[in-house]
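One structure is given below, encoded as structure tokens.
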Amino acid sequence: MKLNSIGLSEKDSKTISDDLNELLANFQRYYQNLRGIHWNIKGKRFFELHPKFEELYDDANMKVDEIAERILTLGGVPLHTFEDYIENAKVPVGRNISKDEDAIRLIVDSLKDLLVIERRILNASDESGDEGTNAMMSDFITEQEKTVWMMKAWLAEEI
């Protein structure tokens, strides 16, 4: 087995890098959705939700950078064009969402999709001994599960 300069299998690193690129594309769409609902939210909960959506898109923006840097660390090249993101993202597109419940539901649905990808990457990175990616996915999952719980509580829905 050929190892890369950080001591991981080149083959495993390529596979994980590809999976991280899928996550990157989905995070970019999620980020754009958050920007859109931040800009377009209307109604009596505007003052509550507008800053919350900003907090979430700032966090998503940081995660996009972390994912891209991890891809580079593994020897890959991060996707970086809108065409790449459109082609590889599965997270739903939130177009012209201004109602509070629709916005929160979009966040929950998007995070569910991201969590599925992150768990797949978590398992692959665990199997290959890639602690750097594994720790990142574990942190993302923990934070996002809490966000889903809070959003579902806001919607008055069960997990």
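Read the figures in this text as sums done on the coordinates, not as results from a lab. Everything quoted here is computed from the prediction, not taken from an experiment. Cβ sites come from the backbone with ideal geometry, for glycine too, and all protein chains shown count toward neighbours.
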>> Consider the stretch 63-97. How many of its residues are closer than 30 Å to Ile6 by Cα and of a type in the set (A, V, I, L, M)?
In response: 9
> In the stretch 3-62, how many residues are touching a Phe, Trp or Tyr at 6+ places or on another chain (Cβ under 6 Å), hydrophobic (A, V, I, L, M, F, W, C) and touching a residue at least 60 places away in the same chain (Cβ under 8 Å)?
Replying inline: 3
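When you scan the stretch 21-38, do you find a residue that is surrounded by fewer than 20 Cβ atoms within 10 Å (Cβ to Cβ), touching a helix residue (DSSP H, G or I) at 6+ places or on another chain (Cβ under 7 Å) and under 21 Å from Val116 (Cβ atoms), even just one?
Checking the stretch 21-38: at least one residue is surrounded by fewer than 20 Cβ atoms within 10 Å (Cβ to Cβ), touching a helix residue (DSSP H, G or I) at 6+ places or on another chain (Cβ under 7 Å) and under 21 Å from Val116 (Cβ atoms).
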>> I need the full set of residues from the stretch 77-108 which are of a type in the set (Phe, Trp, Tyr) and farther than 24 Å from Glu55 by Cβ, in order please.
In response: Phe82
